[in-house]
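The values are calculated or read from the model by the stated rules, or taken from the named source; none is laboratory data. As the structure is a computational prediction, the values presented were derived from the model and not from experiment. Because the Cβ atoms are built from the backbone with ideal geometry, glycine has one as well, and the counts that use them run over all protein chains shown. Keep in mind that these areas ignore ligands, DNA and RNA; they rest on the heavy atoms of the full protein, side chains included. Shrake-Rupley method; radii C 1.70, N 1.55, O 1.52, S 1.80 Å.
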Amino acid sequence: AGMLRPATRRTGGDGLFDFGTQPPAKFSGAATADGRSPAIVELDTRDPTSAAERLELRLGGCESQLFGHVSDSSGGPIAGAEVCLAPPRASACIASDTYGAYKVCLSPHQDLVAVSATGYGAIYDRFEYTGRRVQRDYKLTPEATIVGRVIRADTNAPVAHASVRSSSTEAGLRFAAPGATTTDD
């Protein structure tokens, strides 16, 4: 639901990774490496034939690349902005450099990117995969804060630990990324 940071691991020289014992559920997994297009897979460990213990993520070449700059609404670069392919599933993410520049290799199945940075509202952007280099520059605006309360309709009593999600109602190629949280005690 986007409420927790995804678990990450770095592979060793042998390319192996291990997330340990996980509960039976649907998972999305992504692998990335410099100069390679990412691999993104869907896995349902509730299915005994899923072969979760022999998962192989195959990184592609870098025939196509998404590149550009991430800046704030005044034009200043945003260092460390995350540019992620294939949200809201497991995402292949890279960080922008000190000048706000980024570049990431693409595969033909990727046409959606999420761009986010601490203190700024995240956006989604759809683009057309062309098989070549695609330049996309992003301007992020300071984040807006939505504050409220969840109550029962019948008694007006507060509801603890309710899941709250917001999604943009705007349509188009670029739109605000969804947000999620839970109410406190």
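Miscellaneous remarks
- Once backbone amide H atoms are built at 1.01 Å from N, residue 72 has 78, 140 as its partners under 5 Å, excluding neighbours fewer than 5 places away on the same chain.
- Surface share of carbon and sulfur [accessible, 1.4 angstrom probe, percent] for segment 13-119: 51
- Cut-off 13 Å between beta-carbons: net charge of the residues surrounding residue 150, Lys and Arg +1, Asp and Glu -1: +1
- Projected over every direction and averaged, the convex hull enclosing the alpha-carbon atoms of segment 36-146 yields 8.7 nm².
- Qualifying trypsin sites (Lys or Arg not before Pro) in segment 32-86, DSSP loop, other Cβ atoms within 10 Å at most 12: 46, 58
- Under the combined filter of DSSP loop state and at most 15 neighbouring Cβ atoms within 10 Å, segment 45-133 retains these GluC sites (Glu not before Pro): 56, 63, 128.
- Over all orientations, the chain has a Cα convex hull whose mean projected area works out to 13.9 square nanometres.
- Counting only protein heavy atoms and using a 1.4 Å probe, the accessible area of residue 26 comes to about 150 Å².
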